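The values are calculated or read from the model by the stated rules, or taken from the named source; none is laboratory data. Since the structure is predicted, the reported quantities are computational estimates derived from the model, not experimental observations. Glycine also receives a Cβ, built like all others from the backbone with ideal geometry; neighbour counts cover every protein chain displayed. For the accessible areas, the whole protein counts, side chains as well, though only heavy atoms, and no ligand, DNA or RNA atoms are used. Shrake-Rupley method; radii C 1.70, N 1.55, O 1.52, S 1.80 Å.
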Amino acid sequence: MEHKKILIIGAGPGGLSSAMQLAHKGFQVDVFEKQPSPGGRTSEIKVGDFKFDVGPTFFMMKHVIDRVFGNVGRKPEDYISFVRLSPMYRLMLPDNRTIDAFEDREQMRAQLEKTFPGDGNGIDLFYERETKRYARLMPILERNNNSMRDIFRLEFFKAIPYFAIGRSLFDEMGRYFNAEFARLSFTFQSKYLGMSPWKCPGAFGLVPFIEHSEGVFHVKGGLNKISEGMARAAEEDGARFHYNTSVKKIIVKDGKAIGIQTEEGEEFFGDEVIVNADFGYAMEHLFESSDLKKYTPKKLEKKGISCSIFMLYAGMKTTYPLEHNTIVFAKDYKKNVDDVFSGNLSGDNISFYIRNTSETDPDDAPKGKSALYILVPVPNKRANINWKTEAQNVRNAVIHQIEERLGFKDFSSMIEVERVITPDEWEGEYNVYRGAVFNLAHNLGQMLWFRPHNKFEDVDNCYLVGGGTHPGSGLPTIFQSGVIAADLISKKYNK
Ligand SMILES: Cc1cc2nc3c(=O)[nH]c(=O)nc-3n(C[C@H](O)[C@H](O)[C@H](O)COP(=O)(O)OP(=O)(O)OC[C@H]3O[C@@H](n4cnc5c(N)ncnc54)[C@H](O)[C@@H]3O)c2cc1C
């Protein structure tokens, strides 16, 4: 049988997942990636002699990547070296108390009881109810949701109570834990979706549950090694990667995607086109708006989108006594979250996250030094912020907070090299719509059938994968978007 040709725009996690599945089934797969290497936001960044992950540092739901590799007759461990973290992370609460989060239930109970007396046993109710939520919601989330028929099955109706309609994640965790800061320890995870704990749907009690029940992993060499491993597996099955090749537009004829044109003007034609480039960016830049109906750039302006991130990658002259993952809550956390989602900067009242690999991955930095990845949630580019001037202020604020809250008084003078990424760079260099790095917001009105389908609704022979599409942002769900798109194409050609 003649090999059907699949063109994939972007070698990010979504595109790589599709490429692996389709190449293994014998499709001729060509991946066009603007960067010189795979991974997109899940790639490596080097600053001087120091190495960092650009984006993801928390790896969860390992069974999903097991499945992605298992589908193609492989084991991820042959490509990627996973490290289970214990503790998963340390939290520094607004009042400077700390609590370590453990996957082990008894260790977690002890931590809760020590920090929030009386709240330790809340962990049992958390497990009991969230296990049921997981069992009800996960099959729906992981499935293709292209049509009303796919969604509105008996399974969906049985799951309705677990969507916790009208209740926020913060409300839901209040069922298990009384102390406000105990609730924060189980709701800050809404930031993984770029949302506020007070706005994030209660259904996402799934996220802290997944952490606590399945654990959090690091990967030797950084999570970017997942992208490298996936690209290698796809190549072994015959996928061709065209790096340093930016796609300018998708060629659409009679409502069908038939090919792509690169920035250099070269054209490639295929039977199906998969778009892994960020959803909002693709709608604005890769299609003519006359080819679009549901997702014209104008309609997109009305969609809720996630917050952005300010990144400081700091190569330090020394090492610090820091856990692998440390999350520091702003002194007035609620105000900080409200600022981020109403388009304001918070001055010194910021929350931040530091990832320190000096113990887990000493090769990230020269001997005796360390590579610190510092992340600050900030407003997306719908806010009127001049990042050319504000970048230095946010950098200084987070360094000041590290010196004050963590007590590393000489931090500023210990920076050997540094690199900053602001919402401007996410938008301009990484092609992320409005710098909203966690894509379309995950409110119930933009989930499941209401999120862009993996089979694109506006253009035929075209599929969408990545964080802006169903099932949503976060590596496991993004991998799943790639699997769903690949399954739909395989079915179409009876493979
Ligand atoms: C700072 C940060 C921290 C994060 N932390 C986590 C975490 O801890 N855990 C987690 O699970 N998730 C995390 N995420 C979210 C998410 O998992 C990653 O952003 C993920 O990389 C998104 O994958 P994607 O496939 O949707 O898009 P991308 O990774 O953006 O991939 C899209 C690809 O398309 C390419 N492309 C774009 N336009 C074109 C074009 N015109 N032509 C050719 N190629 C193009 C891009 O270069 C890129 O390689 C984080 C994200 C960020 C930014």
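Whenever you get a sec, compute what percent of the accessible area on region 103-215 sits on carbon and sulfur atoms (1.4 Å probe). Don't jump to the answer; show the numbers that get you there.
Details: 2630 of 4690 Å².
The nonpolar share, carbon plus sulfur, comes to 56 percent.
Could you compute Rg(Cα) / (2.2 N^0.38 Å) for region 307-428, with N its residue count? Before the final figure, lay out each step's value.
Values: Rg = 14.3 Å, N = 122, 2.2 N^0.38 = 13.7 Å.
Here the Cα radius of gyration is 1.05 times the empirical estimate.
Any chance you could look up the accessible area of ILE274 with a 1.4 Å probe, heavy atoms only, rounded to 10 Å²?
Surface accessible to solvent at ILE274 totals approximately 0 Å².
What value, in deg cm²/dmol to 500, does the helix sum -39500 (n - 2.57) over DSSP H runs of n ≥ 4 give at 222 nm once divided by the residues of the chain? Display every interim value, and only then the final one.
Details: 16 runs with 160 residues, N = 495.
Helix-only estimate at 222 nm: -9500 deg cm²/dmol.
If you build the Cα gyration tensor of region 103-215 and take the root of 5 times each eigenvalue, what three semi-axes come out, in whole angstrom, biggest first? Intermediate values should be presented prior to the final figure.
Working: eigenvalues 148, 41, 28 Å².
Square roots of five times the eigenvalues give 27, 14, 12 Å.
Mind pulling the per residue volume of the convex hull built on the Cα atoms of region 354-495? Å³ is fine.
Looking at region 354-495, the number lands at 176 Å³ per residue.
Please list, in order along region 310-326, the HN-Hα scalar couplings obtained from phi with the Karplus expression 6.51 cos²θ - 1.76 cosθ + 1.60 (θ = phi - 60°), rounded to whole Hz, x for Gly and Pro.
9, 10, 10, 9, 10, x, 9, 6, 9, 10, 10, x, 10, 4, 4, 10, 10
Can you compute the charge dipole magnitude of region 145-198 about its Cα centre, using +1 on each Lys and Arg Cβ and -1 on each Asp and Glu Cβ, nothing else charged? Give it in debye, rounded to the nearest 20.
100
I'd like the orientation of helix 105-115 relative to the chain: the angle between its Cα long axis and the longest Cα principal axis, in ° from 0 to 90, rounded to 10.
It works out to around 50 degrees.
Per 0.36 nm of contour for each residue apart, how much would the distance between ARG167 and LYS495 grow if the chain were fully extended, relative to their Cα-Cα spacing?
Additional length available on full extension: 113.8 nm.
Using the Cα atoms of region 215-355, I'd like the radius of gyration and the largest Cα-Cα distance, Dmax, both in angstrom.
21.2, 61
Of PHE479, TYR353, SER86, which is farthest towards the positive pole of the chain's charge dipole, taken about the Cα centre with +1 and -1 on the beta-carbons of Lys, Arg and Asp, Glu respectively?
The residue sitting most towards the positive pole is PHE479.
From the gyration tensor of the Cα coordinates in region 164-230, what semi-axes in whole Å does the equivalent ellipsoid have, largest first, with each one equal to sqrt(5λ)?
28, 13, 10
Probe of 1.4 angstrom, ligands and nucleic acids ignored: what's the accessible area per residue over the chain, in square angstrom?
I get 38 Å² per residue for this part.
With the dipole of region 103-215 worked out from charges on the C-beta (+1 for Lys and Arg, -1 for Asp and Glu) around the Cα centre, which of CYS200, HIS212, PHE116 lies farthest toward the positive end?
Going by the charge dipole, the pick is CYS200.
Pop a pseudo-label 7 angstrom from the Cα along the beta-carbon direction at both ARG382 and LYS46 and give the gap in nm to one decimal.
So the two model labels end up 3.9 nm from each other.
Give me the angle, in degrees from 0 to 90, between the Cα long axis of helix 13-24 and the longest principal axis of the Cα atoms of the chain, rounded to the nearest 10.
40
Between SER342 and ASP95, what is the label-point separation in nm under the 7 Å Cα-to-beta-carbon projection?
2.6
What FRET efficiency do you get for GLU404 and THR360 if R0 is 30 Å and r is their Cβ-Cβ distance, rounded to the nearest 0.05?
E(calc), rounded to 0.05, equals 0.70.
How large is the dipole of the chain about the Cα centre if only Lys and Arg carry +1 and Asp and Glu carry -1, each at its Cβ, rounded to the nearest 20 debye?
Values: 64 positive and 66 negative charges, 245 e Å.
Taking the Cα centre of the chain as origin, the dipole is about 1180 debye.
Give the residue from LEU448, MET60, THR326 lying farthest towards the positive end of the charge dipole for the chain; charges sit on Cβ (+1 for Lys and Arg, -1 for Asp and Glu) and the dipole is referred to the Cα centre.
LEU448
Taking all protein chains as present, what is the carbon and sulfur share of the accessible area of region 307-428, in % to the nearest whole number, probe 1.4 Å?
The value for region 307-428 is 47 percent carbon and sulfur by accessible area.
Just the ratio, please: alpha-carbon radius of gyration of region 433-486 over 2.2 N^0.38 Å, N its number of residues. Present the calculation step by step, with values, prior to reporting the outcome.
Details: Rg = 10.6 Å, N = 54, 2.2 N^0.38 = 10.0 Å.
That works out to 1.06 for region 433-486.
Can you compute the radius of gyration and Dmax for the chain, using only the Cα atoms, both in Å?
For the chain, the Cα-based Rg and Dmax read 21.9, 67 Å.
Do any trypsin sites (Lys or Arg not before Pro) in region 382-454 lie in a DSSP loop with no more than 11 other beta carbon atoms within 10 Å, and if so, which?
Those that pass, being in a loop and sparsely packed, are LYS409.
Search the structure for amide H atoms under 5 Å from the amide H of ARG240, placed 1.01 Å from N in the peptide plane, and list their residues when 5 or more places away or on another chain.
VAL29, ASP30, VAL31
Please check the chain for the longest run free of GluC sites (Glu not before Pro) that are loop-located per DSSP (anything but H, G, I, E, B) and have at most 13 other Cβ atoms within 10 Å.
The segment 3-262 is the longest one with no such site.
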